[in-house]
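The structure appears right after this line, and notes come after that.
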Amino acid sequence: MSKPGNAFLIGGKPQPWWRAGLRTFFTRPKHALGWLWRLLVIALILMLLSWCLTLWTPRWYQPLSATSPIVQEQAREAQSLVLNLRNQVQNPHIRYVKWIITQNQVNSLLSLVYDESSASEHKGRAAMVQQPFVRFSNGRITLAARLHGLFASSVASITIGVRTAPALTPGAAPQGHIQILSLHSGELPIPRFLLIAELQSLIPRLAPSIEHTLDLYGGARYARRITPQIVSMIEAALDSRSFPLALDFNHRQMILRRLSVEASHEDQLGQSIPARLVIEFSAP
């Protein structure tokens, strides 16, 4: 026999409270107030589900530790690659450059730049954005970072597609196309149109950060020359426009002939190739 308070009478028979509640919820309401509280319950359930998905960390998100000796070694390799690229594209005697950087090298460099031990030097940035991570897959790049809010932190990510197309006219530079494929907060997908306007408004604030980073590895003159071109490419990507793959450096112009994003794979000899970014430049 059910104890009072643990069951409800429906049709003269005792029913558990949860079953009675579900039956009442799915019964067609007779008044507007009944519709209103049902819609309110559904909205609360959807909000709770969205909140849980937002806090869910994607399995592929695995930022590296800046204290690891292997990470520090790979970060030095990445720094050397960036400096070598700058020197090669500005050397008038070099007409062809093939540049390869792996996903691990990029993430190692990012972990060193955003090391929590240097938070005192970048308090504002470290308080909001931490542990950036880059993921390479075939034709796609996913950029992710942990964002800290007032009540919790979540992993925000954006996936972009990267491809090249032939030049529009003979003798011109090939065309590049970068398309935003998806936006996520945790595992919650976010409609692209909701954030495009906000991302476009962030570009003026993003430009100084890009110039500062290029200044560290290429010098002030190099940074002032390249930053507007990178910003122009970002604007074209947000507008889903193609852009010419030509960059003006201090001493000359270089054409970007190949831009390839590759997932980890095995070559024809069975050797393992890590996920990487491959760029080929040539003089016009």
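The values are calculated or read from the model by the stated rules, or taken from the named source; none is laboratory data. The structure presented is a predicted model; accordingly, all values stated were derived computationally and were not measured. Here the Cβ is made from the backbone with ideal geometry for all residues, glycine too, and neighbour counts use every protein chain on show.
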* Write out, first by first residue and then by second, each pair whose Cβ atoms fall under 6 Å of each other, whose residues are 6+ apart or on separate chains, and whose first residue, in segment 221-244, is assigned by TED's automatic domain parsing to the domain that holds GLU198 while the second is surrounded by 13 or more Cβ atoms within 10 Å (Cβ to Cβ) and charged (D, E, K, R). => ALA223/GLU211; ALA223/ASP215; THR227/GLU211
* To do: Test GLY186 against the stated conditions and say whether it is in contact with a helix residue (DSSP H, G or I) (Cβ under 7 Å, 6 or more places away or on another chain), assigned by TED's automatic domain parsing to the domain that holds ILE234 and on the phi > 0 side of the Ramachandran plot.
  => yes
* Asked: All but one of (1) touching a residue at least 12 places away in the same chain (Cβ under 8 Å); (2) in a loop (DSSP other than H, G, I, E, B) hold for THR169; which doesn't?
  -> (1)
* To do: For GLU280, state whether it is over 29 Å from ARG95 (Cα atoms) and either aliphatic (A, V, I, L, M) or more than 20 Å from the chain's Cα centre (by Cα) (or both).
  => no
* List the pairs whose first member sits in segment 76-95 and is on the phi < 0 side of the Ramachandran plot and among the hydrophobic types (A, V, I, L, M, F, W, C), whose second member is surrounded by 17 or more Cβ atoms within 10 Å (Cβ to Cβ) and part of a loop (DSSP other than H, G, I, E, B), and whose Cβ atoms are under 7 Å apart, counting only residues at least 6 apart or on separate chains? -> VAL89/PHE249
* To do: Could you tell me whether segment 86-93 includes any residue that is assigned by TED's automatic domain parsing to the domain that holds ALA275, assigned to a helix (DSSP H, G or I) and modelled with pLDDT of 90 or more?
  => no
* To do: Determine whether segment 216-234 contains at least one residue that is at pLDDT below 80, among the charged types (D, E, K, R) and not in a strand (DSSP E or B).
  => yes
* Structure fact -> Selection from segment 188-201 of residues surrounded by 14 or more Cβ atoms within 10 Å (Cβ to Cβ), out of contact with any Ser or Thr (no Cβ under 8 Å at 6 or more places or on another chain) and not β-branched (Val, Ile, Thr) yields LEU195, LEU199
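Of all the residues that make up segment 80-93, how many are within 14 Å of VAL106 (Cβ to Cβ) and surrounded by fewer than 16 Cβ atoms within 10 Å (Cβ to Cβ)?
Of the residues in segment 80-93, 1 are within 14 Å of VAL106 (Cβ to Cβ) and surrounded by fewer than 16 Cβ atoms within 10 Å (Cβ to Cβ).
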* Meets criteria (crowded, with 16+ Cβ neighbours inside 10 Å and closer than 30 Å to LEU168 by Cβ) for ILE210 -> yes
* To do: Return only the number of the condition from (1) surrounded by 11 or more Cβ atoms within 10 Å (Cβ to Cβ); (2) of a type outside the set (Gly, Ala, Ser); (3) in a helix (DSSP H, G or I); (4) at pLDDT 80 or above that THR24 does not satisfy.
  => (4)
